Amino acid sequence: MFDTLLQNLLNALQWGSFYSLIALGYTLVYGVLRLINFAHGDIVMVGAYIAFFISSLLLGQYAMPAFLPGWAVLALTIPLTMVLTSLVGVTLERIAYRPLRRKGANRLYVVITALMAGLILENGNLLILGASRKKFPEMIDKVVYKVGAVYVTNLKIGVILTSILSFIALHFIITKTKVGMAMRAISYDKFAVPLMGIPIDTVIVFTFVLGSSMAGLAGILFALSYPILDPYMGMSIGWKAFIAAVVGGIGDIRGAFAGGFILGTIEIMVVAFFPSSYRDLIAFSILLLILTVKPTGLFGVPQTTKI
Amino acid sequence: MKRFSVPILLVVLLTTLMGLAWFEVIDLYIQTIILFMGINIITSTSLNLVNGNMGEFSCGHAGFIAVGAYVSSILSVALFTKSKTFGAPLLPPELAAYGFPLVLICGGLAAALTGLLVAIPSFRTRDDYLAIITIAANYIIISTIINIDTIGGARGFMGMKRVVFAMEKCAEIPWMILWVFIFMVLSILIIRRYMSSTYGKGVEAIRQDEVAAEIMSVNTNRIKLVTFMISSGLAGIAGGLYAHTIGYVNPKSFDLLKSTEALVMVYLGGMGSISGSIIAAVVFTLMLELLRPLQIIKWVAIPLLLIIIMQFRPEGIMGHRELSDIFPRLKKFYKFK
């Protein structure tokens, strides 16, 4: 019994890592722009596909012969994917969100645009690559360690460690660097910041770079763990990660990180002890309860409004 | 004359539609599109009440549609037809034509009660936190339906076509067009009257500033409760009509994608504009059907089109205005309160 619990807890950490990484991207953009970037889940999907093409290319499945060992391919794929995915995110910001922001459109119209952009990414992918699912290549051999009665794979450790490390890195960027300070300043007062000579658009682009590269990272890790890719894979995980970000207190990266792990743990535990079709029902009921008790999320601070 | 122009227009429209369907001038496909238009009008105007007029951001409208669809389908199938699940009809099938509107209203009431799931948390939360509650509510409703095996679970529920056939035994007229039309007009009327009542002024006040409204002695909790329940109740009626038009419901067809469709119609039409929502619902339904030959390209073309519309008209087709605000001369010809 205890072993099962421990094993499930480990699985929950892995599953929660995906949610955390995606929720971090949501919360970064939200914290700066107060924009729910509903296309974020689909950027994760795009990241997974980019990783698929880069790794297939490097492994010699296309015209190029293979000349690198598996681990080197992985080491190259991760940064390349993060860069390319962040390009996708920035492009989206540049062509879809920024013109609307300039026009001073209602915030919710930008949200609808984001939803539409997500649909375009999904269905555009379906249109270009066809409906067949892609099998993500295996780059490193799976190693299973046995600790007591608990089975640990190297992949699981890698996923959990990556998400924790990227959280620490993000936290460092936001609290210690100048760009991070500018990001916090924009979320504090969007109108005073440009007056202080801070290039607001550059900071916003940087935010999208950070958020989308997190999404790219989540995409690779997800594809490594569940190596079947399809165009709609990002949708449901994206919505759920957004819910996780809100439960943690949206706008605060500690909240997103914690919320991701909470949602992951609840989902895995429900599946472990109940029929799996109850997963959404129980998980979201618990989250609804959390939000009813603490309406601003776990780390969120109630906003004071002036009249 | 001014007072009667709108009712006369509506009656003429209804008789034309029913006549065309009766003499089979328009085939079943076009009839279905017209039905969908009516249903989408109910969906978009009801969501517009919460998202446009009250300024909240509800993204889980499909959940309430699902509740209405399931409750009214189960009731009508159990009452008027012989089915595997519920056995012999509880009432004589000849009553179907009279019982159907009651069944629809029962579905609406059930959906309104489910609206409490969102309305009560909305007392303390706002904005994006409320958005999340509505998304979670949508997931919870769908997941609950999937887990009830007697009503088909994930396989879906069918048999509503037999109810329509039972109605046609009473009198051979296109019943669904009649009901969709009546309920569409009713729901627009309810929303219109609600918005011009004292409660409606409160709704406008909440949209502009909730705290200030509360200080000015607007009972915000009560208004939110009533508004959410009306909105979700009308969505439930739309769901019941949808279920009986298609003849089959499946929990998967009420997921967040359906909610997204409703959101698109509201924001395309313009927040807080009833005529905008109606126009957007008609345009959107037509767009879905006209672009059907494009197949998969359709699902890229429609979002792209919407993004382009948003870029050029960031306030939607109508903005926060009604048709009579744009063409003031129209006011001479009709009075619609």
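The values are calculated or read from the model by the stated rules, or taken from the named source; none is laboratory data. Please read these numbers as outputs of a predicted model, since none were measured by experiment. Every residue, glycine among them, receives a Cβ derived from its backbone with ideal geometry; neighbour counts consider all protein chains shown.
Here are the numbers:
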{"item": "Residues within the range B:43-85 that are without any contact (Cβ under 8 Å) to a residue 12 or more places away in the chain and crowded, with 24+ Cβ neighbours inside 10 Å, tallied", "result": "0"}
{"item": "Inter-residue pairs, beta-carbon under 6 Å, first closer than 24 Å to A:ALA105 by Cα and in the range B:308-337, second basic (Lys, Arg), 6+ apart", "result": "B:PRO314/A:LYS103; B:SER324/B:LYS331"}
{"item": "Single residue of B:PHE57, B:PHE100, B:PHE64 found to be more than 28 Å from A:SER277 (Cβ to Cβ), assigned to a helix (DSSP H, G or I), among the aromatic types (Phe, Trp, Tyr) and under 19 Å from the mean Cα position of the chain (by Cα)", "result": "B:PHE100"}
{"item": "Residue count, the range B:280-307 (criterion: farther than 24 Å from B:LEU47 by Cα and in contact (Cβ under 8 Å) with a residue 40 or more places away in the chain)", "result": "0"}
{"item": "Candidate set from the range A:126-152 (those that are part of a strand (DSSP E or B) and within 22 Å of the chain's Cα centre (by Cα)); member that is farthest from the other protein chains (Cβ to nearest Cβ)", "result": "A:LYS135"}
{"item": "Residue under evaluation B:GLU315, criteria (1) among the acidic types (Asp, Glu); (2) part of a helix (DSSP H, G or I); (3) within 14 Å of chain A (Cβ to nearest Cβ), criterion not met", "result": "(2)"}
{"item": "Selected residue (only one of A:ILE307, A:ILE266 is of a type in the set (A, V, I, L, M) and modelled with pLDDT of 85 or more)", "result": "A:ILE266"}
{"item": "Set B:MET229, B:MET271: member being modelled with pLDDT under 90 and either within 12 Å of chain A (Cβ to nearest Cβ) or within 16 Å of the chain's Cα centre (by Cα) (or both)", "result": "B:MET271"}
{"item": "Every residue from the range A:31-79 that is closer than 30 Å to A:ALA182 by Cα and surrounded by fewer than 16 Cβ atoms within 10 Å (Cβ to Cβ)", "result": "A:PRO79"}
{"item": "Of the criteria (1) within 14 Å of chain A (Cβ to nearest Cβ); (2) free of Cβ contacts under 8 Å to residues at least 40 places away in the same chain, which one B:LEU256 fails", "result": "(2)"}
{"item": "B:THR114 being out of contact with any Cys (no Cβ under 9 Å at 6 or more places or on another chain) and either at positive phi or of a type in the set (Val, Ile, Thr) (or both)", "result": "yes"}
{"item": "Count of residues meeting criterion [among the basic types (Lys, Arg) and either outside any helix (DSSP H, G or I) or at the interface with chain B (Cβ under 7 Å from one of its Cβ atoms) (or both)] in the range A:90-125", "result": "1"}
{"item": "Considering residues of the range A:260-299 that are in contact (Cβ under 8 Å) with a residue 40 or more places away in the chain, more than 8 Å from chain B (Cβ to nearest Cβ) and not in a helix (DSSP H, G or I) only, the residue surrounded by the fewest Cβ atoms within 10 Å (Cβ to Cβ)", "result": "A:LEU298"}
{"item": "Options B:MET167, B:MET216, B:MET229, B:MET158: the member that is in contact with a Phe, Trp or Tyr (Cβ under 6 Å, 6 or more places away or on another chain), on the phi < 0 side of the Ramachandran plot and surrounded by fewer than 22 Cβ atoms within 10 Å (Cβ to Cβ)", "result": "B:MET158"}
{"item": "Helices (runs of 4 or more DSSP H) wholly inside the range B:155-261 that include at least 1 residues being under 22 Å from B:LEU75 (Cβ atoms)", "result": "B:160-170, B:175-195, B:220-246"}
{"item": "Elements of type helices (runs of 4 or more DSSP H) in the range A:185-259, at least 3 residues being touching a Ser or Thr at 6+ places or on another chain (Cβ under 9 Å) and farther than 26 Å from B:LEU257 by Cβ", "result": "A:200-225"}
